[in-house]
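Q: There's a structure below that I have some questions on.
The values are calculated or read from the model by the stated rules, or taken from the named source; none is laboratory data. Keep in mind that what you see is a predicted model, and the values were worked out from it rather than measured. Virtual Cβ from ideal backbone geometry, glycine too; neighbours counted across all protein chains shown. Protein only, heavy atoms only, side chains kept; ligands, DNA and RNA dropped before computing areas. Shrake-Rupley method; radii C 1.70, N 1.55, O 1.52, S 1.80 Å.
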Amino acid sequence: MTGKWQTAWQQLVFGMLIGLAALIAGCATNPVTGASQFVMVSEEEEIAMGREAAPDVLKRYRRYDNPALQAYVQSVGEQLAQRSHRPNLVYRFTVLDSTEVNAFALPGGYIYITRGLLAYLNSEAQLAAVLGHEIGHVTARHSVRQISAAKAAGIGYTIGAILLPQLRTRVAQDLFNVAGTALLRGYGRDMELEADRLGAQYLAHSSYSPQAMIEVIGVLKHQEEFEQQLAKEEGREPRVYHGLFATHPEHDTRLQEVVGEAEAVKTAETTRVNQEEFFRSLDGLVFGDSEQEGIRRGNRFYHKELGFALSFPEGWRVENLPDRLIAKPREGDALIQMDVADLNQRISPREFMVNRMKLGNLAEGEEIRPGGLEGYTAFTRINTPFGKRRTRVSVIYFRNQAFIIAGAAKEDMAPSRYDGDFLATAQSFHALTEQERPLASALKLRIITASAETGFAKLAGKSNIHSHAEEQLRLLNGMYPTGEPTPGQKLKIVE
């Protein structure tokens, strides 16, 4: 077939693919616009998807243990949802016990906000803006539209492979798979802007100011700037919020327009802010690490529930993950990881390494007694994030559990220049003392009233925030980077 005729044939076939996909999928009415919309997921399937995914969310993140706060967030969210384009859905709003600054929605009305994000909001109106934005993703069926597009890409490939043999190649198949996956990686600017527009409408219909949407974007933009500063100081990638403000700047013209449109549908002369009620709900909110996952204090780590403490090398950045601790130097050329496993047999720490961990070729092994506990340390070669490396592994027994501390360096040198740090970390492990128990308690937000003498530098000097206390207090109170409180103003501090 000549090039010209082949191109015409391909155009005809791909036109048929679009028609066939639409025929297979059918059309549905968009709940927001009322227009016909290409989807391949029914509302019943959408709800089922959210229902099945919800338990997985709570496996990754715990539900924050504060029934009063959970009920408050649910009540704010329900007011908005009842005035949305899909009031028939049963919406569930859940506060997650996570330091992440994030909020997201599953299909069918499952909406989540982290305590990490809550801490930086400063009114009920701002909380409503975040929830309204996520409700907008649900009402516009954004996840369903993405899933449908991805399914269509798969159908298009299957039909095309029959009609066009050249699409049967592995390379072509990989390209279709990549295209389908890319559709699910994020909502994209248009969908985020639509969620902003819908959220602003729901705010207006609920007597909140639509401008709260822009306030939240400003608060989170400042939080992002601070996170980028920290990441640069610590030599890592920044962890930033995925949605509400990630796709457009605070002064984006289109954002200002969609929020401005909602001003025309406000239902009351006055608008609700409800800062005092919001602050009452936040008083006592855990800030930073939770006691259930252990508390970092600089390079030290304390775990009240498990009853232990240890120290990492000075200046190393410690990540507190749900299933392990990881510490790295600023250069990122070494790491120490601590895991824990239950003991089920009365075997020695060395036997645990050999029998349970399946480690072979232990070298330079010796018994250790950190804090008077039973332990063993040795070198072995195992797979690490740097590849297969000579690794110091230490196993320490405490309360019927084995604490496994492994250290490896990027450069596979023997002896490693970091080995003293690896061994010192293992040797620092000990049972939590009575004097250390207060250090194993979580930091919490407290609400105070500013006086004429109140300033952030003075508050930072008394704060339990380990680093950048002054900047963090300004962020928490919406006055970053240089604002100062006024007398009589309610403030969040950290104790």
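Q: Which of the numbered conditions does Tyr397 fail, given that it passes all the others? Conditions: (1) open to solvent by 10 Å² or more (accessible area, probe 1.4 Å); (2) part of a strand (DSSP E or B); (3) touching a residue at least 40 places away in the same chain (Cβ under 8 Å); (4) more than 25 Å from Thr433 (Cβ to Cβ).
A: (4)
Q: Can you tell me which residues in the stretch 195-232 are open to solvent by 10 Å² or more (accessible area, probe 1.4 Å) and in a loop (DSSP other than H, G, I, E, B)? Talk me through it step by step, then tell me what you get.
A: From the stretch 195-232, those open to solvent by 10 Å² or more (accessible area, probe 1.4 Å) are 197, 201, 205, 207, 209, 211, 214-215, 219, 221-225, 227-230, 232; that's our starting set.
Residues satisfying the conditions are Ser207, Ser209, Gln211.
Q: Name every residue in the stretch 130-140 that is in contact with an Asp or Glu (Cβ under 7 Å, 6 or more places away or on another chain) and either on the phi > 0 side of the Ramachandran plot or in a helix (DSSP H, G or I) (or both), in order of residue number.
A: Selection gives His133, Gly136.
Q: Conditions: (1) open to solvent by 60 Å² or more (accessible area, probe 1.4 Å); (2) modelled with pLDDT of 95 or more; (3) out of contact with any Ser or Thr (no Cβ under 7 Å at 6 or more places or on another chain). Asn464 meets all but one. Number of the miss?
A: Failing condition for Asn464: (2).
Q: Now a separate question. Being more than 25 Å from Arg60 (Cα to Cα), open to solvent by less than 20 Å² (accessible area, probe 1.4 Å) and assigned to a strand (DSSP E or B) is the requirement here; does Phe352 meet it? Before you say what the answer is, go through the steps one by one.
A: Values: more than 25 Å from Arg60 (Cα to Cα): yes; open to solvent by less than 20 Å² (accessible area, probe 1.4 Å): yes; assigned to a strand (DSSP E or B): no.
No: the conditions fail for Phe352.
Q: While we're looking at this one, here's another question. Would you check which residues across the stretch 448-470 are outside any loop (DSSP other than H, G, I, E, B) and not polar (S, T, N, Q) and list them? It would help to see each step written out before you state the result.
A: To start, the set of residues in the stretch 448-470 that are outside any loop (DSSP other than H, G, I, E, B) comprises 448-449, 456-462, 469-470.
Answer for the stretch 448-470, where residues must be outside any loop (DSSP other than H, G, I, E, B) and not polar (S, T, N, Q): Ile448, Phe456, Ala457, Lys458, Leu459, Ala460, Gly461, Lys462, Ala469, Glu470.
Q: Could you check how many residues of the stretch 467-495 are loosely packed, with under 13 Cβ neighbours inside 10 Å and within 24 Å of Ala442 (Cα to Cα)?
A: 1
Q: State all residues of the stretch 266-308 that are among the aliphatic types (A, V, I, L, M) and out of contact with any Gly (no Cβ under 9 Å at 6 or more places or on another chain); if no residue qualifies, say none. Before you say what the answer is, go through the steps one by one.
A: So in the stretch 266-308, the residues among the aliphatic types (A, V, I, L, M) come out as 268, 273, 282, 285-286, 295, 306.
Within the stretch 266-308, Ala268, Val273, Leu282, Leu285, Val286 qualify.
Q: Looking at the stretch 186-210, I want the residues that are closer than 12 Å to Ser84 by Cα and have a partner that is open to solvent by 10 Å² or more (accessible area, probe 1.4 Å) and at pLDDT 90 or above with Cβ atoms under 7 Å, at least 6 apart or on another chain. Which pairs are those?
A: As it stands, the answer is Tyr202/Arg83; Tyr202/Ser84; Leu203/Ser209; His205/Arg83; Ser206/Gln79; Ser206/Arg83, since those pairs meet every condition given.
Q: Looking at the stretch 315-346, which of its residues are modelled with pLDDT of 95 or more, exposed (fewer than 15 other Cβ atoms within 10 Å of the Cβ) and either of a type in the set (A, V, I, L, M, F, W, C) or part of a helix (DSSP H, G or I) (or both)?
A: Residue satisfying the conditions is Ala341 alone.
Q: Among the candidates Glu374, Glu364, single out the residue that is over 26 Å from the mean Cα position of the chain (by Cα), among the charged types (D, E, K, R) and on the phi > 0 side of the Ramachandran plot. Walk me through how you get there before you give the answer.
A: Values: Glu374 fails: on the phi > 0 side of the Ramachandran plot.
Unique residue meeting the criteria: Glu364.
Q: Restricting to the stretch 358-394, name every residue that is within 13 Å of Gln337 (Cβ to Cβ) and not small (Gly, Ala, Ser). Step through it out loud before you land on a result.
A: Of all residues in the stretch 358-394, those within 13 Å of Gln337 (Cβ to Cβ) come to 382-386, 389, 391-394.
Listed by number, the residues that qualify are Ile382, Asn383, Thr384, Pro385, Phe386, Arg389, Thr391, Arg392, Val393.
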